[in-house]
Amino acid sequence: MPNIAEEFKSFVEAYPSYRETWPIDDMRSREFARLDESGETYLDFEKAAPYGRSQLRCFTRSLARTVMCPPNYSSSDSFHKKIEHCKRRFLRFFGADHEEYALLFTSARSKAVHMISNHYDFSGDSQLLLAEDSHRAAASLVRHAKQQGGQVDYIPLDQQTLTLDEKRLLEQLDAPAPHNGRRLLIFPAQSSLSGVRHPLATISLAQQRGWQVCLDATSYAPTAPLNMSRYHPEFLIVAFHKMLYLPTSLYALIIKRSALADLRHHQSEEHKKELLAAEEHTAEHPAGHRHHGPRLASENLDIANVQALELGLDMLRDVSYRAIDERTQCLTRWLTGKLHSLRHRNRQPAVILYGPMQDSVPHGPVIALNFKNAEGQIIPPETLSPLLDEAHIVLGKIDRSASGLHSAAIEGEASAEAAEQQRYWRLSLGICSNFPDVFKFWQLCKQIATEFSQRTAS
């Protein structure tokens, strides 16, 4: 068994910026000590992030003091004040100005997208443009656009880097504007499968050409800084449970108020209450003037969720997302290099990686992979599940047929195998990941390579 201290020394020599992220180790020992105490290695942050100890403690204390009222309690003024305060804090967290943006809470990414599709007018010669690695949640937008006669097109990915094809993107953005319609671009800031990060400058690039933009930041926001005072998409989707688990399954759709007014203008009576509450509300603003505007109807947001979100924002307030980004980048690059070099005794690759290998490609802390035996055959994930369980390693398992992602999103290092393989592993790092986490997984990978080399030999 290699000495982890020696390996760590070599690691920080190769990635010296990792040393600057030591406050995250303090936070882990303070807030996430149960991960080390339980011996469990958590590598599925793309699914959800663990909650912090102080967040849970304050949350349970808050629940103990709260009388859980029936649903009609949500119509009270005090509850609305709590929601509005929570919304403003959430907007400030992403650098969004309350004067420019409104916020809607919902329970799923698909529901956030569905909210847009229900009210977006794709009639006439409107255009919808999506990145090929857009999440399956975008399907409702595609369906709605086609039903209304709009044109739907996809931005292809570069087959080597899995980044947006820049030449084709510019051609599509520069296409003649519709005479009687609107144009909407939707793309992920970070692919939930390949981990590739698409340039946020695409937002202004599209807006300068008359497009509205919906940015899916559910995979990007948990580990990278996102400042909406610099980038101003019309729509932004984020997932709080991927940042901290409490509250569970809470998404936010952040809408530019100018786009909100446009949606309200085009909406049908059938959908009016779904997006906007019937009444108007008045809110006092710092400048001292009164602002009259629509109140967004947040789905399934009870007092417990509001309190959990507030406590989560308290905990994240002192977290450096630049440090999280730098740390997870270092860990991902180290592990990717190790996996790429892992060989069986006959020198055949032991791992297939689905995604770009170039360090020059902006990439989040996500690795999609499968294991191979010495004969080059992919080992079914269910065959390896007992080994991961025995090692107490939690890893994401993805079924490509259910992922809804375009095929190009996994056609990186070995497109032929990827095209045939329907299931694969997805490793993802997050807010409290550290070197022992990836080191332990690396040791298991070597064990798998050794074991299946021996099986083939026998």
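Every number in this text was worked out from the coordinates using simple rules, so none of it is lab data. Please read all numbers here as calculations on a predicted model, not as lab measurements. Cβ sites come from the backbone with ideal geometry, for glycine too, and all protein chains shown count toward neighbours.
So who's got an amide H within less than 5 Å of the one on R343, skipping anything under 5 residues away but keeping other chains? H placed 1.01 Å off N, in plane.
Those lying under 5 Å, H to H, from R343 are A350.
Amide H neighbours of I379 under 5 Å, counting only residues 5+ apart in sequence or on other chains, H built in-plane at 1.01 Å?
Amide H to amide H, under 5 Å and 5 or more residues apart or across chains, I379 pairs with F371, K372, N373.
How many angstrom lie between the C-alpha centres of segment 100-174 and segment 333-378?
About 31 Å separates the Cα centre of segment 100-174 from the one of segment 333-378.
Could you work out the relative contact order of segment 198-262? I mean the mean sequence separation of Cα pairs under 8 Å and 6+ apart, divided by the number of residues, in percent.
28 percent
What number comes out for the charge environment of D325, summing +1 per Lys or Arg and -1 per Asp or Glu over other residues with Cβ under 14 Å away?
With Lys, Arg at +1 and Asp, Glu at -1, the neighbours total +2.
Using the Karplus curve 6.51 cos²θ - 1.76 cosθ + 1.60 with θ = phi - 60°, what ³J(HN,Hα) values do you get for each residue of segment 219-225, in whole Hz, with x for Gly and Pro?
Couplings: 8, 7, 4, x, 10, 9, x Hz.
Around I393, which amide H atoms from residues at least 5 apart in sequence, or from another chain, sit under 5 Å from its own amide H, with H modelled in the peptide plane?
So I393 has HN proximity to T41.
By a straight-distance test (C-alpha under 27 Å), which lysines pair with K440 as possible cross-link partners, with residues fewer than eight away in the same chain excluded?
K9, K47, K242, K338, K372, K397
Order 303-315, 383-395 from most to least packed using the mean count of other Cβ atoms within 10 Å.
My ranking of the peptides, most packed first, is 303-315, 383-395.
For V142, V351, V196, V113, what ranking results if the residue with the fewest other Cβ atoms within 10 Å of its Cβ goes first?
Sorted ascending by nearby Cβ count, the order is V142, V351, V196, V113.
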